[in-house]
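What follows is a short report on a single structure.
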Amino acid sequence: MENFKIPGSAEVTINPMGGHHDFDAVLVQYNNALELKRISFKTDGGFDLIDLRGIAASVPKDDLDNGLFRVIGKVLLAILHHQS
């Protein structure tokens, strides 16, 4: 999450029922890892996953079809907790 400048201690609210569009921040599961990324749809049915450094991964449509990749939901809110 730090790639979005969201500290690991933050609480993030995800909407698993809503849709997502190009460049929305989403929670994805890819190769058994959970990550917050921006998503960009490709014309071949795959996705690019984007973080602050640029394209972090290109996900082929086969990974979606085979269950290796899924969008869990759109990020709605991140609450930062300040430690005293």
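Miscellaneous remarks
- Selected residue (criterion: nearest to the chain's Cα centre (by Cα)) from residues of region 37-60 that are part of a loop (DSSP other than H, G, I, E, B), under 20 Å from Gly19 (Cα atoms) and of a type in the set (D, E, K, R): Lys42
- In the set (1) under 24 Å from Lys5 (Cβ atoms); (2) among the aliphatic types (A, V, I, L, M); (3) more than 13 Å from the chain's Cα centre (by Cα), the condition left unmet by Leu34 is number (3).
- Condition met for Asp63 (surrounded by 10 or more Cβ atoms within 10 Å (Cβ to Cβ) and assigned to a helix (DSSP H, G or I)): yes
- Any hit, region 8-29, residues being assigned to a loop (DSSP other than H, G, I, E, B), in contact (Cβ under 8 Å) with a residue 60 or more places away in the chain and out of contact with any Asp or Glu (no Cβ under 9 Å at 6 or more places or on another chain): yes
- Filter result (among the small types (Gly, Ala, Ser) and at pLDDT below 90) within region 68-84: Ala78, Ser84
- Phe47 vs. criteria modelled with pLDDT of 90 or more and exposed (fewer than 15 other Cβ atoms within 10 Å of the Cβ): no
- Leading residue by the ranking (surrounded by the fewest Cβ atoms within 10 Å (Cβ to Cβ)) among those in region 21-32 that are out of contact with any helix residue (DSSP H, G or I) (no Cβ under 9 Å at 6 or more places or on another chain) and under 12 Å from Arg70 (Cβ atoms): Asn32
The values are calculated or read from the model by the stated rules, or taken from the named source; none is laboratory data. Note that this is a predicted model, so its numbers are computed, not measured. Cβ atoms come from the backbone with ideal geometry, glycine included; neighbour counts cover every protein chain shown.
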